[in-house]
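The structure under discussion appears below in the form of structure tokens.
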Amino acid sequence: MGCRRCSQLVEAGQDCLATRLDETQSAHLGALYPQAEQDRIARTFCYRRPRPRRAVIAGRVIVLTAGTSDSARGAEAVVTLAPLALT
């Protein structure tokens, strides 16, 4: 998902989760939406519009990686789960 698509979603009042961002994309989106969450290791950008807190879903999710080369993918998985209230 490119920066333009992210901007379109945010401007339309939608949440936006972008993954696999490069440094240029990350810096651009961070400058446009400083209130959004970014994870430089997971290379993700997550903009969530303000809303009442949802009920917590019962249960747990474990994200397990096989080594340091997988740490970015593990971090991406955690960021992806957060909007689903699964973290």
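The values are calculated or read from the model by the stated rules, or taken from the named source; none is laboratory data. Note that this is a predicted model, so its numbers are computed, not measured. Neighbour counts are summed over all protein chains in view; Cβ atoms, including those assigned to glycine, are modelled from backbone coordinates with ideal geometry.
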TODO: Kindly indicate the residue of region 58-72 that is assigned to a loop (DSSP other than H, G, I, E, B) and surrounded by 10 or more Cβ atoms within 10 Å (Cβ to Cβ) and also farthest from the chain's Cα centre (by Cα) among those meeting that condition.
DONE: Thr65
Open item on the list: Among the residues that make up region 24-43, is at least one of them surrounded by 11 or more Cβ atoms within 10 Å (Cβ to Cβ), touching a residue at least 40 places away in the same chain (Cβ under 8 Å) and outside any helix (DSSP H, G or I)?
Closed with: yes
- [ ] Scan region 41-60 for residues that are farther than 11 Å from Leu17 by Cβ and either touching a strand residue (DSSP E or B) at 6+ places or on another chain (Cβ under 9 Å) or modelled with pLDDT of 80 or more (or both) and report the count.
- [x] 3
Open item on the list: So Leu81 passes all but one of these: (1) modelled with pLDDT of 85 or more; (2) assigned to a helix (DSSP H, G or I). Which condition number does it fail?
Closed with: (1)
Task: Positions within region 10-23 being over 25 Å from Ser71 (Cα atoms), in contact (Cβ under 8 Å) with a residue 12 or more places away in the chain and outside any loop (DSSP other than H, G, I, E, B), in sequence order - done: Val10
